[in-house]
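See below for the structure under consideration.
Here, each number is a calculation from the coordinates, and none is a lab measurement. Because the structure is a prediction, the values reported are computed rather than measured. Note: ideal-geometry Cβ built from the backbone for every residue, glycine included; neighbour counts use all protein chains shown.
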Amino acid sequence: MLTDILKNKRLILASSSPRRQELIKGLGLEVEIRIKPVKEEYPERLRHFEIPDYLAQLKSMPFEDTLATNDILITSDTIVWFENSALGKPKDAKDAFQMLKSLSGQTHEVITSVCFKSIGKEKTINSITKVTFKQLSDSEINFYIKNFKVFDKAGSYGIQDWIGQVAVTKIEGSYFNVMGFPMDKIYNTLLTF
């Protein structure tokens, strides 16, 4: 269905995330991957979903002059929102440990924003999922950091990893959003974009 609607369009995903690439291809769509590095900084006044909204839009800007008439560019950003602050990607193992320790036994929000851009049109959507972790021991946190790739993930974890299997006790909202791509909202936006 979506392939018929988008048959005359070229989808461009500006993300190096293998998870996002895999998920969008799961819709049966042909997608071109284009990467342009962007410094992921945002004004301190921004709160909650405003942060990933801003960053998803920021990531689309380097492509503005290169889009063809049939192109649809997709950019996105994910943060973990906990105790009124944004947790991004960890700087190092110590930072990852502190993030996971703070999330242990608590509920946090995962917010992903997705920006769709074509010539003369732009739309940004976001999705919020509440995730609850069990109380994690220091040895469980250290095991996870040592054995899994945590440094490219907001909040230092991937729900599809070991930690999602053993530590997530409750989820309210889209599972795929926690992976970094709210597929239900992306699908519905592409149907009408």
- Item | Every pair of residues 6+ apart whose Cβ atoms lie under 8 Å, when the first sits in segment 1-17 and is in contact (Cβ under 8 Å) with a residue 24 or more places away in the chain and surrounded by 14 or more Cβ atoms within 10 Å (Cβ to Cβ) while the second is part of a strand (DSSP E or B) and among the hydroxyl-bearing types (S, T, Y) | A14/T75; S15/T75; S15/S76
- Scan segment 117-139 and give yes if some residue there is under 16 Å from V166 (Cβ atoms), touching a helix residue (DSSP H, G or I) at 6+ places or on another chain (Cβ under 8 Å), touching a residue at least 24 places away in the same chain (Cβ under 8 Å) and of a type in the set (D, E, K, R), otherwise no. yes
- Task: Go through segment 25-37 residue by residue and tally those that are in contact (Cβ under 8 Å) with a residue 24 or more places away in the chain and under 18 Å from K153 (Cβ atoms).
- Result: 0
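Just to be sure before I move on: is S102 assigned to a helix (DSSP H, G or I), touching a Lys or Arg at 6+ places or on another chain (Cβ under 9 Å), of a type in the set (S, T, N, Q) and surrounded by 13 or more Cβ atoms within 10 Å (Cβ to Cβ) in the structure I sent? Write out each step before concluding.
Details: assigned to a helix (DSSP H, G or I): yes; touching a Lys or Arg at 6+ places or on another chain (Cβ under 9 Å): no; of a type in the set (S, T, N, Q): yes; surrounded by 13 or more Cβ atoms within 10 Å (Cβ to Cβ): yes.
It is false that S102 is assigned to a helix (DSSP H, G or I), touching a Lys or Arg at 6+ places or on another chain (Cβ under 9 Å), of a type in the set (S, T, N, Q) and surrounded by 13 or more Cβ atoms within 10 Å (Cβ to Cβ).
Yes/no per residue for (1) among the aliphatic types (A, V, I, L, M); (2) crowded, with 17+ Cβ neighbours inside 10 Å:
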site	(1), (2)
I145	yes, yes
F151	no, no
Y157	no, yes
Q165	no, no
F176	no, yes
G180	no, yes
N188	no, no
